[in-house]
Each structure stands twice: as structure tokens, then as C-alpha cells.
Amino acid sequence: MTGRHNQLTLLLIVIVGFLTVCPVVMLVFGSLSKGLTASGEFTLAKYIAAYSDPGLLEVLWNTVIFVVGASLGATILALFLAYLNIRTNIPCKFIFGIISIIPMMIPHILFSVSWVLLLNPSNGILNLILREAFALDRSPFNIYSLPGMILVEALLDLPIAYLIIAPAMAAFDASLEESSRVCGASTGKTIFRITLPVLRPAILAAFVLCVIRGLASFAVPSVIGMPGRIYVLATHLYQMVSTGFAADYGKAAAVGMSVMVASIILIYLYRHLTSAGDKFVTVAGRGYKPTIITLKSSKIPLFVILGLLSFILIILPVIVLVYTSLVPYSMVPSARAFSLMGWKHWIDVLNDPISLLSLKNSLFLGVGGATIGIVLSIFVAYVIVKVRTRSAGVLESLSFLSFSFPGIVIGVGFMWFFVRTPLYATIWALLIGYIATYLPYGIRPLSSAFAQIHNHLEESSLVSGASYLTTLRRIIIPLLVPGIVSGWVLMATMFVRELSLSVVLSRPGTEVLAVQILRFSEDGLWGRLSALGIMMIGISTALVITVNVIGNWFRPVDTRSS
């Protein structure tokens, strides 16, 4: 059995190592190579050209302002929401808790586009309403600015920060705050002297993770930043590989190396912060007392603020997309606008061969890619949780390596590899890139599921004469169904909405939904974009519902939901 486990572990190390290490090696190779097709000729010219570019300083400054501003905004907002939802008696707190994480389910490019439709200075719906209502000469808001980018990215990163801060807030021992108040401290002083210092690891971890996501973000900088000529590192890289007569992949690889090193350092910092949580433990065996703070005169105003925020986060983006897909052009909602509504944009999309091809490709990548990815994840999670050898530790490190790489950077690395193979400009290149990038999303839920299955079940089956594959098929897999469903849904939804890797690897004939939506955005075809975006949300929702129904069917009878 040990020998079979060793063979399986080595085989998985080769496969996962190829998927995660190969693009990094090719990124280094590409940054030192003379050209895309040159082999064995190395130079530092690409680094010199990339880092002596006079425009790079402005790009770096924009990146710092964008990433730090969005991360601060998301962390402060998450702290505010977590405090109200968990520590106070505000009404409808369960609904507000759910709403705080729902933006994760809306594709980032569609969320960005919905804010462009609301606040673009020429014909944004909200700007048009305000101009008509107050007889203004110019639009009061301009989404094509750094504050606009920071606002939208902060709202998108809010769920991540909330999911890190909320559990720490729930485990906070309120007797510390009570002691502070008994000693005469005011509420504000107690928050700043007791509450926030105790929550410091969670707050810093949320901030660092938001910085990592902001650095890898491409949807907001491309949809909002590029029309306003505000470039950050992600769009600076995109310009290098997508504009001009000949794309400069070597220069892009040289800049991408800095982004990748910064991401790895931030991931290390995040892991260090989360591992230092023991120093701030407040719940121990001596008595833990969760206390709800009673809001008095501020209860109704805070409830209204939370309601307004929920409307902005969830309802407004979807309403704007549906409305824009039905009206002939951007116009203020009115009786005339509703009388002009029709299905023209939907019909145009369904008659557009490239849009239909992108639908077909995204569906294939979502279903086929997630299925292949989840099969690989089952074996990797099994070795990580059940085998537990030194080689299994190496496999675990390799499998989570891709989590620290921004998609557009890893896409440049894959481009250097694929251009030397028949896979270049095929749908299979996208499929391999997707699985390599999002493998941790399949492994994480399956590792949790494997950890709950005792080894005695597997050993009993083998002792009774069943083969290893029969044991896997008859005993292990049925018990893993909840983890398989969760991992598959996560991977499939990520594949359907994927943008940052796709803009580098996608070529004519291999367009996907997110890339086609970006093209519509660049051409200002907001009606078609909204119709295609709603189709994307519909496909993701249909995949989630279908897989949950199938998963419930194959689940052991005693654990099926009614």
C-alpha cells in the first residue's frame, strides 16, 4: 500500500508541479529571452527597457493608491458591518450577514460595468437623473477616476474582508469591554483601546488579503481605469501584450516578475499574520460570555445605512444590467423609456457568431474544465490528508502555489510555454491555464471532506477483499459528495467568469464570455454587454442548481436534503 501511495504521490507531484511551476519558469525564461521564438539567447534588455520606461513611475503610483485605497475601504467597511451584525441588536442581522458576502457571486466585470452604466460622465443613468433633477450643466460624478476605481474595488473585496473579520468578532470575549466600561472608559475609547487591538490580527490579515486581490485585479482597472487613461500594473501588462503591431511578451514578463515577487511576499505576510493568532486568544476555559450590545437612538439610522448599502451591493447592479439590456440606448427611467423597451440587444447577441462561440467555449470550459479539475483535486486532497508523508507536504505546497500568482502574470508565463507547442491559440490552452490557476478552489473543500472520513472505513473495505479502486468508488466517493459538489461549483463559476488569464491566452476562435463582454465594453455596446452579462449570470446559476440537484441525488439517503 505504501508503495502504491508513493507512486501516486510522485505522479501527482509531476502533474501539479507542471501546472504551477512551469509558468513561473517560463516567465523567468521569457523575461531573459531575446524574443518569443528565440531559444538559448539571453539578455537583460527586456528588464532595462521595462524599468527605464518613464511612464512606469506613474503606473506604480496609481497601483499603490488604487490597491491601498481599495483595501482600506473594504477592511473598514467589513469591520463596520461585522460589528453591527455580530455585536449589536440591529434588526435583520442574518439577512445583512448574507448580503455582505453575496457580491462574491456577481462576476467582477459585470459589477464594474454596472457602475459605469450608473456613473459614467456622458450618459450614466444616475448622472442623467441628477442633471435633470437639479438642472446641472455637467455630471456630478465621474466613475473613470481613481476614486471611482477604489470605490468599486472596495465593494468587490468587501466579502473577503468580512469573512475574515466576522469569525474573530464572533469569538471576542465581551467581558474585556465590560471591564473597560466599569473602569469609566467611554464607548469610543473602549473600541479603540480594547476592541480594535484584540482584533488586530484579523484586521491586518483582511487588509493584506485585499491588497493581494487588488494587485491581481483586472476587471476594475480595465473597465473603469483604461477609458480614463488611468493605468495600474495589471492594465500596463495588458497593454504590452495586446496593443501595437507586435506584442512585447518579454517586457511584460520582466514587469510581471516584480508583481509575482510582491504577491509571494504578501502571501507570506498573510500566513504569518494568521499563524500569530494564538497571541490574541480571548476565549479560554475560564468562561466565555458572548454579549449583544443594545443600540438605542442610533438603531434606526444604522439600520437605514445598512439597508442602503445592501441595495447598492446587490440589487442596484442587477437592476441596471436588466434595464440597460432592454432600452435602446442609455436613458433616464421614465414612461417613454419603458414604452421603448424591447429585445433588440438580446436578438443581436443571439445572432452574433462571436458571442455564441464565447457562450459555447465558456460552457465547455465551465463543465469540462471543472470536471477534470475536481477529479485531479480528489487525488491531490487524498494524498495531502491521508498519506501525510514528506512528499505529500511538497505536493500541498505546490498545489497552493498558484493561489499567490495574479492571473494576468501567470497568463504571460503560460503564453511563453504554449507558443512552443501545438496548444497555442486552442481552447485546451485555456483549459490547462484555468485548472492550474484555480486548483486550490477544488482541493480546499475536498481536504475538509477527507479529514472527516476515518481511515477504518477504507481499511475495512480492503481487508474484505475489495480493490483500491472499488474502495474509492463504493466507499470514499459517496461520502465525499458534499465536498465534490462544493469544489465543482467553485471551479465552474470561476471558469465561466474568468477574465485576467483569458485576455492573455484567448485568441480568435477561443473567445470566452468575459473577454467578449470586455470587447463590448471597449466598443461602448452597453445593451449587448448587459444582455450577454445576464446570460453569464444565468449560466452560473443554472450550473450551481443542476450540480446541487445531482449531488443531492448521489448523496447517501440518510444525508439527503428534503
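Overview of values
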{"item": "Hz values of 3J(HN,Hα) by residue in region 315-323 - Karplus curve (6.51, -1.76, 1.60), Gly and Pro given as x", "result": "6, 4, x, 6, 4, 5, 5, 4, 4"}
{"item": "Within the chain, helix-based [θ] at 222 nm, where runs of 4 or more DSSP H residues each add -39,500 (n - 2.57), nearest 500", "result": "-21500 deg cm²/dmol"}
{"item": "Amide H contacts of Ser33 (H built 1.01 Å from N, under 5 Å, at least 5 apart or other chain)", "result": "Thr43"}
{"item": "Equivalent ellipsoid semi-axes, region 437-544, via Cα gyration tensor eigenvalues times 5, rooted, Å", "result": "42, 13, 11"}
{"item": "Those residues of region 380-415 whose amide nitrogen sits under 11 Å from the label point placed on Leu469, 7 Å along Cα→Cβ", "result": "none"}
{"item": "Solvent-accessible heavy-atom area per residue, rounded to whole Å², over region 128-220 at 1.4 Å", "result": "45 Å²"}
{"item": "Spin-label proximity, Val419 to region 196-219 - amide N less than 16 Å from point 7 Å beyond Cα toward beta carbon", "result": "none"}
{"item": "Around Leu126: net Lys/Arg minus Asp/Glu count, Cβ-Cβ under 15 Å", "result": "+1"}
{"item": "Compactness index (Cα Rg / 2.2 N^0.38 Å), region 42-184", "result": "1.46"}
{"item": "Rg/Rh ratio calculated on Cα atoms of region 163-272 (Kirkwood radius)", "result": "1.23"}
{"item": "Derived scalar couplings ³J(HN,Hα) [region 59-69; Karplus, 6.51 cos²θ - 1.76 cosθ + 1.60; whole Hz; x for Gly, Pro]", "result": "4, 5, 5, 4, 4, 5, 4, 5, 5, 5, x"}
{"item": "Sequence-distant residues sharing a close amide H with Glu498 (under 5 Å, placed H)", "result": "none"}
{"item": "Principal axis dimensions, region 334-406 - Cα atoms, whole angstrom, descending", "result": "69, 28, 21"}
{"item": "Rounded percent of accessible protein surface that carbon and sulfur make up, the chain, 1.4 Å probe", "result": "68 percent"}
{"item": "With at most 14 other Cβ atoms within 10 Å, longest stretch of the chain clear of loop trypsin sites (Lys or Arg not before Pro) (DSSP)", "result": "421-559"}
{"item": "Neighbour net charge for Ser362 - beta-carbon separation under 13 angstrom, K R +1, D E -1", "result": "0"}
{"item": "Normalised convex hull volume, region 380-456, alpha-carbon set, Å³ per residue", "result": "107 Å³"}
{"item": "Distant-in-sequence amide H partners of Thr88 (H built 1.01 Å from N, under 5 Å)", "result": "Ile293"}
{"item": "Two-site FRET efficiency, Arg229 against Val318, from Cβ-Cβ distance with R₀ of 45 Å, rounded to 0.05", "result": "0.95"}
{"item": "In nm, spacing of pseudo-spin labels at Thr389 and Val14 (7 Å Cα→C-beta vector)", "result": "1.5 nm"}
{"item": "Scaled radius of gyration (Cα, divided by 2.2 N^0.38 Å) that region 139-190 gives", "result": "1.86"}
{"item": "Contact order normalised by residue count of region 291-376, Cα under 8 Å, 6+ apart, percent", "result": "16 percent"}
{"item": "Cys183-Ile545 pseudo-label distance in nm [points 7 Å out on the Cα-to-Cβ vector]", "result": "5.6 nm"}
{"item": "Trp428-Ala451 FRET efficiency (beta carbon distance; Förster radius 45 Å; 0.05 resolution)", "result": "0.85"}
{"item": "Kirkwood Rh (inverse of mean 1/r, distinct Cα pairs), the chain, angstrom", "result": "25.8 Å"}
{"item": "Mean Cα-pair separation over length for the chain, i.e. relative contact order, pairs under 8 Å, 6 or more apart, %", "result": "21 percent"}
{"item": "Inter-probe distance in nm under a simple model that places probes 7 Å from Cα toward Cβ, at Ile95 and Phe338", "result": "2.4 nm"}
{"item": "Scaled radius of gyration (Cα, divided by 2.2 N^0.38 Å) that region 318-445 gives", "result": "1.55"}
{"item": "Nonlocal Lys pairs with alpha-carbon distance under 13 Å, the chain (8 or more apart, or different chains)", "result": "4"}
{"item": "Karplus-derived HN-Hα couplings along region 407-423 (A = 6.51, B = -1.76, C = 1.60, θ = phi - 60°), whole Hz, x at Gly and Pro", "result": "x, 5, 6, 5, x, 5, x, 5, 4, 5, 7, 5, 5, 9, 10, x, 6"}
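The values are calculated or read from the model by the stated rules, or taken from the named source; none is laboratory data. Everything numeric here is computed off the predicted structure, so don't read it as measured data. Counting neighbours? That spans all protein chains shown, and the Cβs are built from the backbone with ideal geometry, glycine included. Ligands, DNA and RNA are excluded from the accessible area calculation, which covers all protein heavy atoms including side chains. Shrake-Rupley method; radii C 1.70, N 1.55, O 1.52, S 1.80 Å.
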